1. Can you give the FRET efficiency for residue 158 and residue 312, using 1/(1 + (r/R0)^6), R0 = 41 Å, r = Cβ-Cβ distance, to the nearest 0.05?
2. Distance in nm between label sites at residue 447 and residue 490, each 7 Å beyond Cα in the beta-carbon direction?
3. Please compute the length gained on full extension between residue 253 and residue 200, using 0.36 nm multiplied by the number of residues separating them and subtracting their Cα-Cα distance.
4. Using a 7 Å offset from the Cα along the Cα-to-Cβ direction at both residue 51 and residue 72, what is the distance between the two label points in nm, to one decimal?
5. What nm distance separates the two modelled labels at residue 516 and residue 420, each placed 7 Å from Cα along Cα→Cβ?
6. Which is farthest toward the positive dipole end of the chain among 197, 226, 216, measuring Cα position about the Cα centre, with Cβ charges +1 (Lys, Arg) and -1 (Asp, Glu)?
7. Round to the nearest 0.05 the FRET efficiency obtained for residue 179 and residue 500 when R0 = 22 Å and r is the Cβ-Cβ distance.
8. Can you give the Rg and Dmax of segment 448-495 based on its C-alpha atoms, in angstrom?
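A short reminder: the numbers here are calculations on the coordinates, not readings from a lab. Treat the numbers as computed from the prediction; the structure is a model and nothing was measured. Glycine gets a Cβ as well: all are built from the backbone with ideal geometry, and neighbour counts include every protein chain shown.
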Amino acid sequence: MTAKTKSERFRRLISHGFFAPELPPCFVSEDLAKYRQSVWKAINLIPPKKKGGSPPIQKYVSEPCSFYFPRYGRDDRKHGVINPVSYLAIAHTVSENFVALRNAAKKSKLSASPPVFDWTGERAVLRPSIDMRDDFRVDLSSRVEEYSVADIRAFFHSIYTHAIPWAIHGKKWAKKNRSLANFGNLLDLYCRNAQDGQTIGLPVGPDTSRLIAEVIASAVDEQLRTTLKISGQDASRYVDDYTVGSIEGVSGTASIAALRQAVSTFELELNNDKSEVVPTSVRQGSGWKQAIRAHIPRGNYNHDSFQRFFYEVGRVCSEQPDINIEKFAYQNARSAFVSADDWKKVQSALISAYRRNPSLVSFLAEILILREIKHNDVNKISLKVFLEARLPTLAQENRTGEIVWLLFLTLRLEIALEARKISPLFEIENGLVAILVNVADSRGLISGKVDYSLWRTSMHGDALYGPMWLYAYQSSMLGIGPIKKTTYIENDAFFAPILAKNISFLDIDAGFTSIDTVLRSRRSENQRIKTLRLDFMEDFDFETEEFDDEDFEFDEEVNLY
């Protein structure tokens, strides 16, 4: 049983909420979580520049390291890895005031994505399931003639940081009370400072961003409920995706107008391209998951079984072109892929699937690693050819999320690449890409000379505050960068305590240790989501305190895919 204290929340937000889940497991924050208290104490002991001045942490301005991760049928989404000093400030404020934040979110009464703190899962804040949105729409369709759908345009990236205290304390009160003694104002400050002082946007990826965004969306929900006089039986919101049922005397277009007014109160906008009124006579797209699962190879992993599986997946993809069918299907068949008889053909099929659907890049890397661990038969010669052709193409298009996953794959499978063929990577000013290339070079996995001229310009104290902070710190800390001395880190008052504890943000061997371990983790995660889903279906509401009091530990034999 986990001790549910503020300190442990702080630890969990760092260890399981710092790096975005879209990144490979080699990016780690357990060291920072372990030494959180001593580092945070050292940061708060830094004296102000002027006697009686503000604590230096309140003036600490940094920029996140960004990457673009592919989305199905849409443009890649920008994610951010917040500077660790800035993240400590945000995470500490959240952990100290989590109950108040949860209470603010509870005012929603419409949310299908509540901030459930998870003490034992893969993330500190449990990731919501889109199934709850679909469940609500099916139920709603049996009760109304039509419903309206809408979502907030570029939700995370358009959040106005001043709206954080508005959502927590009330807009009128917050505008009159701007003291940092109010934690909403302190969160506003830290979120701004973590993005070079910008007031627009929250980095996508950290669990703190998800929690803060949910609080703001809940404030929108509260206003919408008041305006339309609706309950959780009439409307629901999944993250920023709204479903509002038609109610007596209010048309669908009027509901959308009321929602537009509610979001504008918090300086947000609706995505007009995705706002529409849907008649409930339209057939709901449920049942496809069951159809997919019925054709996953089980017990018999021969070529014919996989051919049938690929065919059925393709058929359902044609029937549901707006849904990422392939990703769901392949993730549910991970055990079958690792056990496939004719692996050479399966490997080619998976690479082809990734080419047409880049959102499969993380799954591709995972399966190739797990297959190699279990059977040691991955076709590395073919994979080398693929990587040396693919990585330069991705570099030219700045598709950094895919690059990071393929470099992680290269490191885990120890595939040697030619420097001249992947040279476009050396021109990308990205800390995630730079550190992985640097590690590959230090391990002798790049033949030829790596051009470090661009990345060398980030090996100084000021870079610790910029988007290359990860490379500036980690490469020197490991002693593998073009400048191996750590003097500029030791001379920085904020990063010196991190270096003093030998804190690392990289562990190439972390994650994907065996298919059995992965399956146990997935089953446990799915059981967590199932528990929430069953609670939601009872009355389309949650008692988040009940889930926070549990550790969500379940029987490993539960098999829910």
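1. Once the sixth-power term is evaluated, E becomes 0.55.
2. Placing both labels 7 Å along Cα→Cβ, they lie 3.9 nm apart.
3. Length difference between fully extended and current span is 16.2 nm.
4. 6.4 nm
5. 4.7 nm
6. Positive-most Cα among the choices belongs to 197.
7. The pair residue 179/residue 500 has a calculated efficiency of 0.05.
8. Looking at segment 448-495, its Cα Rg and Dmax stand at 10.3, 38 Å.
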